[in-house]
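Beneath this line is the structure, given in structure tokens, with notes to follow.
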Amino acid sequence: MPVIELKNVNVTYRVLMNKSGSMKELFRDFLKRKARVVDYVALQDISFTVEAGEVVAILGRNGAGKSTLLKVLAGVLPPTKGTSKVKGKIAPMIELGAGFHLEMTGAENVIFYSALMGRDVKHVKERTPAIGEWAGVSDHMDFPLRTFSSGMVARLAFATATDEKADVLLVDEVLSVGDADFQNKSKARMHEMIKSGAAVVLVSHDMLAVRELATRAIWLEAGHVKMIGNPAEVVAAYEAT
Amino acid sequence: MKYAQLIRLLVARELTIRYKRSVIGIGWTLLNPMLTSFVLWVVFSFVFASRLPGTQQYAPYLMAGILLMTFFNQGVISSAESIASNGPVLTKIYVPPQIFPISTALAGLVNFFIGLIPLTIVCLISGQSIALTMPLVFIVGICLALLTAGIGLTLSILYIRFDDTRNIVNVLLMILMYFTPVFYPITILSQRLQEIIAYNPLTSYLDVFRWAFSNNATATLNDWLYMGTTSLISILIGTYVFKKYWPRTVAML
């Protein structure tokens, strides 16, 4: 049973030519018949499945559609055409700490972020001290987040996101969080989650990490799949261009 | 409901975050309407106080108007803003996006209910008693929350699509404020103007509120019906518009 199943997924953004950012401009352009709607195809006919325990790496240059694909997988962006099915709990580790608020304390942020991910608040409240400790920010948990260093914020976000088991991990270059010590710690935790049967989709420009972690690789170019298969082969082909 | 906990956290955050760095914190929620009312009272009481019919008192009349308008104005602005300001989250983690505008409207409702405490004090000081119909204020609050949430949902889509929406909305809200009998008694206006102002749904909300709380206005059955239908229509249109345009709008965040 695949955990992730994408069938002929297309995503088209509607873009207004001349980029009318305001109603005034839109109205003016409309009167002059200059406003034209153009469809920008971000993803074209993407189909693949991911089984539990698989680690799939997504490669591609900027603008190839990697972020759009992650948004579709996270369920945030509905496909224009086709279907995207993801089963179970998703832990999105994309720009960690996106739900954090600078005026709230570390502990409050942990609880809030967890609630955003659909976790049980009561349970998280009990876990908060442990999360703070794992992130190495125990003595800061009762202070507002604006007093944290950026490394501390990233560590706390990673610790929170990975505190509960998830069925699907969506990872966007987060392995580079914190100092070397913490990087090892977080890598170990990722391996643990993969071993426990989570499906992982990983977007990375770090080819070494892709070779090391991934069981399969997908190469995106201009919104469609250019190549899919064994990570070593795909990486080699990708790097050759 | 799965997201009840999140809504509670969002409402609490909305209520506390604004005053996080201040000494008296949430106490501002009590002080704010009192101070605003006091200033306006000093300015307008000479002009309008004697124009209210019967035993109606100007200070609670004014303050009730300010409480309700603050609820509406702030509710509309911040729930419309909520989607854009939570964009970074909404593009990464799946949560039903409607939760944000709705929580903001709910926070406005809580603020409104807290505001009833200073309103009670002002009522008693000015020698007016709280009416037995006071519990009906609860219905007014719910209706107003539905109205603001509905408008907020619609606007939140427009806010993302067009940068200048917020400027237009601010102006419209100000005009609306003058077309609502907040600080003047409606009877001082000409017959024609009174008719126009009666078309404003907020006039009905305000009449019902003032009447229910301390018998400080007259409310007819029509006011109740107008309040009920506008709130329902607003939330229905809001949820419909949001649902329809969200998939295309989220791509712009």
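General remarks:
- Within the same chain, lysines fewer than 8 places from B:LYS244 are excluded, and of the rest, those with a Cα less than 20 Å from its Cα are A:LYS71, A:LYS81.
- Bridging of A:LYS187 to aspartates and glutamates at a Cα separation below 15 Å is possible for A:ASP163, A:ASP172, A:GLU173, A:ASP179, A:ASP206, A:GLU212, once same-chain residues fewer than 8 apart are set aside.
- Cα centroid separation, segment B:143-157 to segment B:208-253 (Å): 7 Å
- Summed residue charge, Cβ within 12 Å of A:LYS85's Cβ, Lys/Arg positive, Asp/Glu negative: +1
- Cα gyration tensor shape of chain A, rounded if a/c is under 1.5, else prolate or oblate by comparing a/b with b/c: oblate
- Working note: Karplus 6.51/-1.76/1.60 with θ = phi - 60° gives segment B:225-239 the couplings 5, 4, 4, x, 5, 4, 5, 5, 4, 4, 5, 5, 4, x, 5 Hz, where Gly and Pro are set to x.
- Antiparallel DSSP beta bridges within the protein assembly as shown, as percent of all bridges there, nearest 5: 55 percent
- Stokes-Einstein translational diffusion, segment B:117-243 - Kirkwood Rh over all Cα pairs, 0.890 mPa s, 25 °C, in µm²/s: 153 µm²/s
- Segment B:4-250 - percent relative contact order, Cα under 8 Å, separation 6 or more: 26 percent
- DSSP beta bridges confined to chain A are antiparallel in about 55 percent of cases.
- Of the residues A:MET117, A:MET23, A:ALA209, the one whose Cα sits farthest towards the positive end of the charge dipole of chain A is A:MET23 (charges of +1 on Lys and Arg Cβ, -1 on Asp and Glu Cβ, taken about the Cα centre).
- Under 5 Å, built H, 5+ apart or other chain: amide partners of A:GLU221: A:LYS226
- Couplings for segment A:51-63, taken from phi via the Karplus curve 6.51 cos²θ - 1.76 cosθ + 1.60 with θ = phi - 60°, read 8, 4, x, 8, 10, 10, 9, 10, 10, x, 7, 4, x Hz in order; Gly and Pro are left as x.
- Estimated vicinal HN-Hα couplings, Hz - segment B:160-169 in sequence order (Karplus 6.51, -1.76, 1.60; Gly, Pro = x): 7, 6, 10, 4, 8, 4, 4, 5, 4, 4
- The charge dipole of chain A, taken about the Cα centre with unit charges on the Cβ atoms of Lys, Arg (+1) and Asp, Glu (-1), comes to about 1260 debye, rounded to the nearest 20.
- Residue pairs, from the table A:LYS165/B:LYS243; A:LYS87/A:LYS226; A:LYS7/B:LYS92, whose Cα atoms sit over 24 Å apart: A:LYS165/B:LYS243; A:LYS87/A:LYS226
- Normalising the Debye intensity of the protein assembly as shown to I(0), with uniform scatterers on Cα atoms only, and taking log10 at q = 0.07, 0.08, 0.10, 0.13 Å⁻¹ returns -0.49, -0.62, -0.87, -1.21.
- Dipole size of chain B about its Cα centre, with +1 on Lys/Arg Cβ and -1 on Asp/Glu Cβ: approximately 700 debye, rounded to the nearest 20.
- Between A:GLU54 and A:VAL200, the built amide H atoms are under 5 Å apart, and every one of these is 5 or more places off in sequence or on another chain.
- Computed on segment A:51-240, with alpha-carbon pairs under 8 angstrom and 6+ residues apart, the relative contact order is 35 percent.
- Within straight-line cross-link reach of B:LYS20, lysines at Cα separation under 25 Å, skipping those fewer than 8 residues along the same chain: A:LYS122, A:LYS125
Coordinate-derived values only; no laboratory data. Since the model is a prediction, treat every value here as computed from it, not as a measurement. Note that we place each Cβ from the backbone using ideal geometry, even for glycine, and neighbour counts take in every protein chain shown.
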